Amino acid sequence: MSHLSFSEGDLLHSTSSIASPLTESAPALSPLFPMVTLQDFQEGEKHRDFYFCNFIQVKAGDGICSFPSTLIESSILREKLETLKGNEFLNLEGFSYTEVHAFLEVADGRLVSGDKHYTFQQWVSALSVANHLQLDNIRSYAAKSIEDGLLRLDPFECIEVAEKRRNREWLLIPFRRICQRPEPLSPSEILRLGLDRASAVSKAREGLMKMVHSRGLFDAIYGGSAPSSSVQTTFANAALQMVRAEPLLSQLAPEPMSGTGDPEGHTETPSGNLSSSNLISMKANCLYRLPLHYFGNRSLIPNLVASRIDQGPISLPSDLNTYEWEVFLKIITARPYHQPEESFTFSEWMGGLRVARRLGYDRAMAYIFRQIQKAYPNQDAVDLLEAARLAEATPSRWLQDRYAILSLRSTAISPEEMRRIGVDASAEVCKLREQTAYDKGESEGERATAEVWKAKEQAAYERGKRDGESASDEAWRVKEQAAYERGKEEGGGQYGANRRSQGLGNSRGRRLDPQTLFSSYGILPQGLDSTF
C-alpha cells in the first residue's frame, strides 16, 4: 500500500475544494464545479490536486521509506530536511522500519477502504511515530482507534503490545474479554500467556462463573440470545473486578515480552507500495497521477495499466463525465483523520457511484452506497433504487421497504423509472403493485358489501318499526275495545242492582213514584210533581 497523505498542492486536503486543472498558480474555484472539455487544455497540463509527485526518502531502521512531502512539511522533520547535504537520507531515529511502515500505512488510510484490517501493533506504532512527528490529526485518529481495538482486536495481541509498550491500562480490557468469553483457554493460548498468567485467568474465570450462577444470570448470558444491556454491564463490571483482583493480570510483567523489534539483520529497500514507483498517470482533460491501489485490484484501471505498451499515461474511457470523475477522485482520496469530513449532495454521490461502477471498483461502489443510505434515507424511492442498481446491492429489507413505497404510489411505474431502477427491481415493484391493487379491490368490495348489508338492515329495521307501530296500534284498539266491553257489562250490572235496591223493576201492583224514580238517577224534570 503506498504511503501517501495529501493536503494541498500535490495532495488533497479534506477542506480543499476540487480546483481548476490548470497550473499551480491558478486560483482555486468553488467546489465541484463542472469541468470543461478536453480540447480546452494542453496535452501536458497536470491537475493541481490529483497529480501526486513529491516524495522524500527517509531512513528508518535498516530500511528506506518514501514519505509524501506534505507529511514532512507538517512535522518536525522539516527542519532536518533543510540541513541535508548532497545525497544524504533524512533519518528517523528511534523507530524501526516496521514501525514507520505501520505509520505510513495508517497515514495512507482512506474512508473508502476502511481501517478494520490494521492490527493493534500497527495502531500503536502509528501512534508512536505520529507523537514523535507531532502530527496531531493522525495521533488523535490512532489513539481513538486503539481504544476501539482493545474492544475488537485479538486480545492476546493487545496484551503482548501492552507489555512491549509498558502500558498497564491496555492490559485490563483484553483480560476482561478473555474472562467473559464462553470458550476456555486453548493450549496455544496458555503458551502465549505463560503458565502463571494462564493460571490467574483460570482462577478469575472460575470466580466469574460462580457469580453468574449465584445471581441467576447464566441463561441470560450463555443461553444463546443476546443479553440485555443491563445484564451485559453487570457481567462486564464483574469480570473487570475479577481481573483487578489478580495482580498477574492487572500489572505489567517484570520484564518485556521477548521477540520485540525487527529481526536481526533486517534490511528493506524501497518497494512499490512505499514509493512513488506505484503511481500511475491518467489522461482525460489533463494529467492525473495517483497510486494504483487507490482503484482496487480488479477494476478497469489496473487492467488498462497492465495492457499499456509503454510507461506513458493511460487514457480513461471517453464516456466518463469529468465532473463526476473529479467527485469520484475526491471520494476515494478522503482521509479518515481529516476534519471536517467531506460532504456531498445526493447527485454528487450518484455521480461518484456511476464512475465507480464504470470502472468496476467494487469497494468504492459499496462505500458510496452506504453513505447514500445513511445520509439520504428519505430520498425519492426511485432515486434510491437506482443507486442500489448501480451499486449492485444484494437483496435486503431496505430494498423491500423502497419497493413497498412505490407499490403504494398512486401513479404506475413508468418506462423511464424502470430503466433507472433495473429489471429486477421493476419486477418486484410491479408484483407488489398488483398485490396492492388486489388488496385494495378486495377491501373496496368488502366495503361495498358492507354498505349493501347495512342498507338492508336499515330497511328491515324501518319495516319492523312500522310493523311494530301497527301492531301496537291494533293491540291498543283491542285493549280499548275489551275495556269498553268490560265497562259496559259492569255498567249494566250496576244499573240492575240499583233498581233492585230501590224497589224498582219487578214490583208488581206498586205505583211508581215519579219523583222517586227520577231522583234515583239524580233527575227531577220541571213541571213534574208527586201527583204525576
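The values are calculated or read from the model by the stated rules, or taken from the named source; none is laboratory data. The structure presented is a predicted model; accordingly, all values stated were derived computationally and were not measured. Glycine gets a Cβ as well: all are built from the backbone with ideal geometry, and neighbour counts include every protein chain shown. In case anyone asks, the SASA skips ligands and DNA or RNA and just uses the protein heavy atoms, side chains included. Shrake-Rupley method; radii C 1.70, N 1.55, O 1.52, S 1.80 Å.
Below are the figures for this structure:
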read-out: For residue 51, residues with placed amide H under 5 Å, excluding near neighbours; value: 289
read-out: Additional length obtainable on full extension of the chain from residue 321 to residue 412, 0.36 nm per residue less Cα span; value: 29.6 nm
read-out: The stretch 133-179: trypsin sites (Lys or Arg not before Pro) in DSSP loop, at most 16 other beta carbons within 10 Å; value: 166, 168
read-out: Loop GluC sites (Glu not before Pro), the stretch 314-400 (other Cβ atoms within 10 Å of the site Cβ: 15 or fewer; DSSP); value: 341, 392
read-out: Distance in nm between pseudo-label sites at residue 461 and residue 45 (7 Å out along the Cβ direction from Cα); value: 8.3 nm
read-out: Dipole of the stretch 279-420, positive direction: furthest Cα of 375, 303, 395, with charges on the beta-carbon; value: 303
read-out: Rounded to the nearest 10 Å², the accessible area of residue 179 at probe 1.4 Å; value: 0 Å²
read-out: Percentage relative contact order, the stretch 87-196, counting C-alpha pairs under 8 Å, at least six apart; value: 20 percent
read-out: Share of pairwise Cα separations in the stretch 314-467, more than 27 Å, in percent; value: 44 percent
read-out: Cβ-placed point charges (K, R +1; D, E -1), dipole of the stretch 308-403 about Cα centre in debye, nearest 20; value: 300 debye
read-out: Net length gained if the chain between residue 306 and residue 423 were fully extended (0.36 nm per residue, minus Cα distance); value: 38.7 nm
read-out: Largest-first ellipsoid semi-axes for the stretch 173-216, taking √(5λ) over the Cα gyration tensor eigenvalues, angstrom; value: 20, 10, 9
read-out: Cross-link table 456/479; 144/164; 164/210; 283/330; 59/283; 46/330, entries beyond 23 Å C-alpha to C-alpha; value: 456/479; 164/210; 59/283
read-out: Sparsely packed GluC sites (Glu not before Pro) within the stretch 81-129, loop by DSSP, other Cβ within 10 Å at most 12; value: 88, 93
read-out: Debye, to nearest 20: dipole size of the stretch 71-130, +1 on Lys, Arg Cβ, -1 on Asp, Glu Cβ; value: 100 debye
read-out: Virtual paramagnetic centre 7 Å along Cα→Cβ of residue 453, amide N under 17 Å, in the stretch 403-443; value: 442-443
read-out: Whether the stretch 133-254 is rounded, prolate or oblate, judged on the alpha carbon gyration tensor where a/c under 1.5 counts as rounded; value: oblate
read-out: Residue 46 long-range amide H proximity, modeled H, under 5 Å; value: 287
